[in-house]
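One structure below.
The values are calculated or read from the model by the stated rules, or taken from the named source; none is laboratory data. Because the structure is a prediction, the values reported are computed rather than measured. With ideal geometry, Cβ positions are generated from the backbone for all residues, glycine too; neighbour counts draw on all protein chains shown.
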Amino acid sequence: MVIRNDLDYYDRHADQWWRVGGTLNLLQHLNPGRFQFFDQYVPDWRGLKVLDVGCGGGLTCEFLAQRGAIVSGVDPSPRSLATAREHAQTQGLTIEYREGTGEALPFGDQQFQAVVCVDVLEHVQEVGQVVRECGRVLQPGGLFLFDTINRTWKSKILMIWLMEDILQQIPQGIHDWEKFITPAELTAFLTQNGFGDITCRGFDLTDGGNLKTLVSLLLSGLQSDATRRALKVQINDDTDVIYIGKAVKMAV
């Protein structure tokens, strides 16, 4: 029996975060595409206090630190955090890592100017509580930057049946379709917790259905060099599978 939303996977495979070709290491290839979107709202990261919620092995934390941000990361996986700390040290990067969950962030109120939460909301126990906590640690005017997976028949076919069960390109059981969240649901949580100026866009990993990318994905898999070269993120209006967004913490 497949265990859905198997979060123990991140402890069992924490050594893969920075191993080239490892399943978890593939996530770093999404950062350039993500920040193509995020940089529209943060043109200069230097000196900004940023929290990465669900930081795993530190892929996005290091991406931010290399851009000059003052970065903290939080994650419930102690082995992933150990990997993150070790790798940051080898790169000469100063990043604060703490163990904790998105539902109970181990930080005081209004400590950060931006909170980044990518590949996370579809895994948490209480999305509304995570949004509430992110708002608590943000300064007024601060940005909540996120991506997650929509709960549609397309996401079930692509992310669960195809990518996990048939092609086995991502760990089987890592996702639970029932925990995916629609843009309307997330927007409601954000609004209820003091956020405004909310934007959601499609985060398309197939370059708008580019045939070369799709064929490479189906024939070679995510872990091949050919697929990684062909993988081109497109920000568009198709939010049916993965979407990316931003929200602003409004002043009280």
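Annotations for the structure displayed:
- Selection of the stretch 6-40 for residues being of a type outside the set (A, V, I, L, M, F, W, C) and within 16 Å of Lys246 (Cα to Cα) yields Asn31, Gly33, Arg34, Gln36, Asp39, Gln40.
- Any hit, the stretch 87-101, residues being closer than 15 Å to Lys49 by Cα and touching a Leu at 6+ places or on another chain (Cβ under 7 Å): yes
- For beta carbons closer than 8 Å, sequence separation of 6+ or different chains, a first residue in the stretch 110-127 that is more than 12 Å from Leu145 (Cα to Cα) and a second that is of a type in the set (Phe, Trp, Tyr) and not in a loop (DSSP other than H, G, I, E, B), the qualifying pairs are Val127/Phe189.
- Arg98 vs. criteria touching a Ser or Thr at 6+ places or on another chain (Cβ under 9 Å), in contact (Cβ under 8 Å) with a residue 24 or more places away in the chain, surrounded by 18 or more Cβ atoms within 10 Å (Cβ to Cβ) and of a type outside the set (Gly, Ala, Ser): no
- Asp11, sole failed condition from (1) part of a helix (DSSP H, G or I); (2) surrounded by fewer than 18 Cβ atoms within 10 Å (Cβ to Cβ); (3) without any contact (Cβ under 8 Å) to a residue 40 or more places away in the chain; (4) acidic (Asp, Glu): (3)
- Residue match in the stretch 117-124 (condition: of a type in the set (D, E, K, R), within 18 Å of Glu62 (Cα to Cα) and modelled with pLDDT under 95): yes
- Of all residues in the stretch 44-53 being surrounded by fewer than 24 Cβ atoms within 10 Å (Cβ to Cβ) and touching a strand residue (DSSP E or B) at 6+ places or on another chain (Cβ under 6 Å), the one that is farthest from Glu133 (Cα to Cα): Leu48
- Helices (runs of 4 or more DSSP H) contained entirely in the stretch 163-245, each with at least 3 residues that are modelled with pLDDT of 65 or more and surrounded by 15 or more Cβ atoms within 10 Å (Cβ to Cβ): 183-192
- Residues within the stretch 32-61 that are assigned to a helix (DSSP H, G or I) and either touching a Cys at 6+ places or on another chain (Cβ under 7 Å) or not aliphatic (A, V, I, L, M) (or both), tallied: 9
- Some residue of the stretch 80-92 being surrounded by fewer than 16 Cβ atoms within 10 Å (Cβ to Cβ) and among the hydroxyl-bearing types (Ser, Thr, Tyr): yes
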